[in-house]
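A short worksheet on the structure shown next.
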Amino acid sequence: MTLDSRTMPSSFGQLGFLLLLFWLLYALAFALTSWIVPGVEVSGGFWGYLWVSAVFGLVNAFVGTLLRFLTFPLIVLTFGLFAILVNALVLAITDRLSDSLTIDEFWWDAIWAAIVLGLVTLVLQLVVRAFVRPAEPDRLPG
C-alpha cells in the first residue's frame, strides 16, 4: 500500500486511535493486575494508571527490547519462561522510575505481576480485536 494525500489522514488517524485504545487497555490491565496481585499497587487513580502504563510502554519499548535481544538464547532454551523474568525486570524498572507504581518484592510480586499483566493484556487485546477491525483502504481503479 502506498500513502498519498488521500489516505494519510485516515491512516494516521486510525493509528492514533489504536495507539490510544491500547494505551487505555494497558491502563486497565494495570488496574486489574494491581487488584489481583497483592504486592502491586498503583496510586493516583485513573491518571496514575495512565501514567504507569505510559512509563511501562516506554521502558518496555527500549529496555525490554534490548533485554529480550540479549537474552534470546536463554528465552529459547527455557521455552519462553525466561521472558517472564525479563518482563518482571521491566516492571521493576518501571517501579523505580514512577512514584505511582509500587511493587513490594521483585521475586514473587514482580514475577506474578508480569504473568498476570501478560495474561490480562492478552485477553483484553483479543476482545478489542474482535470488535475493532482496521478500515480497508479504498481501492482506486487502474
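Screening F22, F17 for residues that are surrounded by 15 or more Cβ atoms within 10 Å (Cβ to Cβ), closer than 21 Å to V128 by Cα and at pLDDT below 95 leaves exactly one candidate, F22.
Here is a yes/no grid of residues against (1) within 30 Å of G13 (Cα to Cα); (2) surrounded by fewer than 18 Cβ atoms within 10 Å (Cβ to Cβ); (3) under 18 Å from the mean Cα position of the chain (by Cα):
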residue	(1), (2), (3)
A27	yes, no, yes
P38	no, yes, no
T78	no, yes, no
V90	yes, no, yes
L101	no, no, yes
W112	no, no, yes
L122	yes, yes, yes
F131	yes, yes, no
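Which one is nearest to A114 (Cα to Cα) among residues in region 39-58 that are touching a residue at least 60 places away in the same chain (Cβ under 8 Å) and out of contact with any Leu (no Cβ under 6 Å at 6 or more places or on another chain)? Top of the filtered list is V40. For the residues A88, A113, A61, A92, the requirement of being free of Cβ contacts under 8 Å to residues at least 60 places away in the same chain and out of contact with any Phe, Trp or Tyr (no Cβ under 8 Å at 6 or more places or on another chain) singles out A61. Is it true that F82 is farther than 25 Å from V132 by Cβ, modelled with pLDDT of 95 or more and not acidic (D, E)? Here the answer is yes, as F82 does meet what is asked. Taking T71, is it in contact (Cβ under 8 Å) with a residue 12 or more places away in the chain and within 25 Å of A31 (Cα to Cα)? Against the criterion (in contact (Cβ under 8 Å) with a residue 12 or more places away in the chain and within 25 Å of A31 (Cα to Cα)), T71 does not qualify.
The values are calculated or read from the model by the stated rules, or taken from the named source; none is laboratory data. Not measured: the values here are computed from a predicted model. Note: ideal-geometry Cβ built from the backbone for every residue, glycine included; neighbour counts use all protein chains shown.
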